[in-house]
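Read the structure below first, then the notes.
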Amino acid sequence: MHEIRTGFGDVLKRQLELAERNYELLADQGVRGINVMGAIGSGKTSLILRMAERLLARGVRVGAIAGDVAGDDDFKKFQAAGLPSALINTEDQCHLDPHRVRHALDEFPLTEVDVLFVENVGNLVCPADFPLGCEQDLVVISVTEGEDMIRKHPKMFAQTDVVAINKMDLAEVVGVDPQRLVEDYRRVNPHGRVVLTDAKSGRGVEELLSALGLIR
Ligand code: MG
């Protein structure tokens, strides 16, 4: 007999409950949370900053939480941009979890923001299993990560309805056809929205905001 009980089902149930409470807190405060996931170097921070610029210009108030295993590089960038921001160092965890996010939310000036970007820890595996209580998920991939990124992480993409394919300015240089990525995404998530972006030039940022329902 191989009866091994890990209790993992209970852990997941608990995470879902905590995420639900975060969702309710944000909804009560009229804050729209966006869980931004993607590998290290995909351009999550840069895209958040570009989106924030456009939203702020429209009078939408933006805040950001930087989730990283260690360090405060992204947090400092959010602060330099003048965004109300918080830092979560996970130390031993490869993902944010709803409990840590709750602690950050409890300290956060939620009455000062309309949109809150939560930048998850940089990888495409662990964050897929931990809902944070955000209204929407956004996955950022860059063409420099190769043509097989979506095929290697089907779970993440199947459950994410908005994907940004970033660093489009480098697609030709690295010899990646973004249409291959789009087709792979369509295969795992026929109803998702995919936007081609380049955070450096600002290409696709408006379209991305629109895909996230943050602008009309
Ligand atoms: Mg970052």
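Bear in mind these aren't lab numbers, they're just calculated from the coordinates by the rules spelled out. Since the model is a prediction, treat every value here as computed from it, not as a measurement. Quick reminder, even Gly has a Cβ in these numbers, built from the backbone with ideal geometry, and neighbours come from all protein chains shown.
Backbone geometry of the stretch 59-67 corresponds, through the Karplus equation with coefficients 6.51, -1.76 and 1.60 at θ = phi - 60°, to 3J(HN,Hα) couplings of x, 8, 7, 10, x, 8, 10, 9, x Hz, x marking Gly and Pro. Using a cutoff of 8 angstrom between alpha carbon atoms and counting only pairs six or more residues apart, the relative contact order for the chain works out to 24 percent. For the stretch 167-216, the percent of C-alpha pairs falling in each 5 Å distance bin, counted from 0 to the bin holding the largest distance, reads 5, 20, 21, 26, 19, 9, 1. Here's how it looks for Leu116: its modeled amide H is under 5 Å from those of Arg32, Gly33, Ile34, Gly63, which are all 5 or more places away or on a different chain.
Could you compute the net charge surrounding Lys152? Neighbours are other residues with a C-beta less than 11 Å from the C-beta of Lys152; K and R count +1, D and E count -1. Spelling it out: positives minus negatives among the neighbours equals -2. For the chain, the cysteines with no partner cysteine C-beta closer than 4.7 Å are Cys134. With neighbours defined as other Cβ atoms within 10 Å of a residue's Cβ, the residues Leu132, Leu214 order from fewest to most as Leu214, Leu132.
Build a GNM of the chain with springs between Cα atoms under 10 Å: which of Asn22, Asn166, Asn89 gets the top mean-square fluctuation? Fluctuation is largest for Asn89. DSSP assigns beta bridges within the stretch 67-216; of those with both partners inside it, close to 10 percent run antiparallel. With the convex hull constructed from alpha-carbon coordinates only, the stretch 25-68 shows a mean projected area of 3.5 nm² over all directions. Per residue, the chain reaches -11000 deg cm²/dmol at 222 nm when only DSSP H runs of four or more residues are counted, each adding -39500 (n - 2.57). Ordering Asp137, Asp184, Asp106 by the number of other Cβ atoms within 10 Å of each residue's own Cβ, fewest first, gives Asp106, Asp184, Asp137.
Under 16 Å from a point placed 7 Å out from the Cα of Asp114 along the Cα-to-Cβ direction: which residues of the stretch 36-59 have their backbone N that close? Only 51-59 fall inside the zone, counting backbone N under 16 Å. What shape does the stretch 17-122 take by its C-alpha gyration tensor, where a ≥ b ≥ c are the square roots of the eigenvalues and a/c under 1.5 counts as rounded, a/b above b/c as prolate, and the rest as oblate? Oblate shape, in that a/c is at least 1.5 and b/c is the bigger or equal ratio. Comparing Gly30, Gly38, Gly204 in a Gaussian network model of the chain (Cα springs below 10 Å), the most mobile by mean-square fluctuation is Gly30.
So, in Å, what gap is there between the alpha-carbon centers of the stretch 6-73 and the stretch 172-212? Using only Cα atoms to place each centre, the spacing works out to 20 Å. Among the DSSP helices (H) of the chain, none spans at least 18 angstrom by Cα along its long axis with an average Kyte-Doolittle hydropathy of 1.0 or more; this is a geometric and hydropathy rule only.
Shape call for the chain from the C-alpha gyration tensor, a ≥ b ≥ c root eigenvalues: rounded (a/c under 1.5), prolate (a/b greater than b/c) or oblate?
Numbers: a/c = 1.64, a/b = 1.07, b/c = 1.53.
Because a/c hits 1.5 or more and a/b fails to exceed b/c, the chain counts as oblate.
For Arg21 and Asn89, a Förster radius of 22 Å and the Cβ-Cβ distance give a FRET efficiency of 0.50, rounded to the nearest 0.05. Grab the other residues whose beta carbon is less than 14 angstrom from that of Arg102, score K and R as +1, D and E as -1, and report the net. Around Arg102, the surrounding residues sum to -4.
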